[in-house]
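Enquirer: Can you read through this structure? Questions will come right after.
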Amino acid sequence: MEGDGVRLNKFIAEAGVASRRAADRIIEEGRVTLNGETAVLGDRVQPGDRVCVDGKPISKDTGGTVILAFNKPRGLTCTADHGDKDNVIDFINYPRRIFTIGRLDKDSEGLLLLTNDGDLANKIMRSRYGHEKEYVVTVDREITKDFIRGMAGGVPIDENVVTRRCKVTEIDAFTFRIILKQGLNRQIRRMCEYFGYSVVKLVRVRVMNIELGQLKAGRYRDITRRERDELMAVLSESRLEDKD
């Protein structure tokens, strides 16, 4: 019979420090102590126990899971490094510890999700689940049908790396909409560069079922109950599919 208490990796994830997988790594690296002793994988945390990561005490949030939708302005960096004066966490200045789910490049803008739940962030970011992310992109010269067809069909952006097929539709002469199910580094910009285009403006307008809508730049909101329920349902289905 499983012992009482919470598994240490789950405790660390619920404290918003890291996902369970990452928590296992930092435990193996000897960076976690439980009541002053170096912790090991499989340890369980009882009420009143003291858990430290890198010497700093942590505790589970008691206010539940935070999921924020934020309209990131251009110029902010998706990091919690307080040494970066443009870091998004200091800009938002939320009263609880949160971190970004994925990232947007400094020159990109639009919908960014943030949470205090490491497990949730990991489930959303795992690319094999194929969660959709939608962008509106403006480029520096007129779009052609060949460009749209090429972007949608898979683009070689690096040696031995070809992007997955995706949905691309023209909005006007210089702007298109693209829906991705992967998140390679600077993917859209590199895809455009392959065809000789440069990105002028890149705005993420949707992540899964959560849309940017009319949220103003630099503002955030809690996702709605409906959005949360739909999100959890999709993640639950993804988890079941992953076990098949």
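The values are calculated or read from the model by the stated rules, or taken from the named source; none is laboratory data. Being a predicted model, the structure only gives us computed values, none of them experimental. Cβ placement follows ideal geometry from the backbone for every residue including glycine, while neighbour counts extend to all protein chains displayed.
Let's see how each residue does on (1) over 26 Å from P73 (Cβ atoms); (2) out of contact with any Gly (no Cβ under 9 Å at 6 or more places or on another chain):
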| position | (1), (2) |
| --- | --- |
| D117 | no, no |
| G130 | yes, yes |
| V139 | no, yes |
| D146 | yes, yes |
| T175 | no, yes |
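Enquirer: Additional query: In the set V136, V161, which member is modelled with pLDDT of 95 or more and of a type in the set (V, I, T)?
Expert: V136
Enquirer: Something else about it: Return only the number of the condition from (1) in contact (Cβ under 8 Å) with a residue 12 or more places away in the chain; (2) touching a Gly at 6+ places or on another chain (Cβ under 9 Å) that V162 does not satisfy.
Expert: Evaluating V162 over (1) in contact (Cβ under 8 Å) with a residue 12 or more places away in the chain; (2) touching a Gly at 6+ places or on another chain (Cβ under 9 Å) leaves (1) as the failure.
Enquirer: Please find, within region 15-45, the residue that is nearest to I101 (Cα to Cα) out of those that are at pLDDT 90 or above and of a type in the set (S, T, N, Q).
Expert: T33
Enquirer: To continue, here is another question. Got a sec? Which of T62, T79 is at pLDDT below 90, under 30 Å from C166 (Cβ atoms) and assigned to a loop (DSSP other than H, G, I, E, B)?
Expert: Answer to the check: T79.
Enquirer: Is one or more of the residues making up region 180-193 surrounded by 12 or more Cβ atoms within 10 Å (Cβ to Cβ), modelled with pLDDT under 95, farther than 23 Å from K123 by Cβ and not aromatic (F, W, Y)?
Expert: Scanning region 180-193 turns up at least one residue that is surrounded by 12 or more Cβ atoms within 10 Å (Cβ to Cβ), modelled with pLDDT under 95, farther than 23 Å from K123 by Cβ and not aromatic (F, W, Y).
Enquirer: Test of understanding: among R204, R228, which residue is of a type in the set (K, R), part of a strand (DSSP E or B) and in contact with a strand residue (DSSP E or B) (Cβ under 7 Å, 6 or more places away or on another chain)?
Expert: Just a single option satisfies the conditions, and that option is R204.
Enquirer: While we're on this one: Looking only at residues that are surrounded by fewer than 12 Cβ atoms within 10 Å (Cβ to Cβ) and in a loop (DSSP other than H, G, I, E, B) in region 141-164, which one is farthest from the chain's Cα centre (by Cα)?
Expert: Filtering first and then ranking leaves E142.
Enquirer: Turning to a different aspect of this structure: Show the residue pairs that are 6+ apart or on different chains and have beta-carbon atoms under 8 Å apart, the first residue being within region 172-188 and on the phi > 0 side of the Ramachandran plot, the second being of a type outside the set (A, V, I, L, M, F, W, C) and surrounded by 14 or more Cβ atoms within 10 Å (Cβ to Cβ).
Expert: Close Cβ pairs (under 8 Å, with a partner that is of a type outside the set (A, V, I, L, M, F, W, C) and surrounded by 14 or more Cβ atoms within 10 Å (Cβ to Cβ)) amount to R186/D105.
Enquirer: Could you tell me whether A69 is touching a residue at least 24 places away in the same chain (Cβ under 8 Å), within 23 Å of G213 (Cβ to Cβ) and not aromatic (F, W, Y)?
Expert: yes
Enquirer: Which residues, counting only those in region 14-59, are assigned to a loop (DSSP other than H, G, I, E, B) and surrounded by 16 or more Cβ atoms within 10 Å (Cβ to Cβ)?
Expert: If the condition is that a residue be assigned to a loop (DSSP other than H, G, I, E, B) and surrounded by 16 or more Cβ atoms within 10 Å (Cβ to Cβ), then A15, G16, V17, A18, S19, A39, D43 are the ones that fit.
Enquirer: Would you point out which residue out of D84, D119, D107, D90 is touching a residue at least 40 places away in the same chain (Cβ under 8 Å) and either farther than 19 Å from G183 by Cβ or surrounded by fewer than 17 Cβ atoms within 10 Å (Cβ to Cβ) (or both)?
Expert: Checking each option against the conditions leaves just D107.
Enquirer: Let me ask something additional. Hey, among F70, F91, which residue is over 14 Å from A15 (Cβ atoms) and in a strand (DSSP E or B)?
Expert: It is F70.
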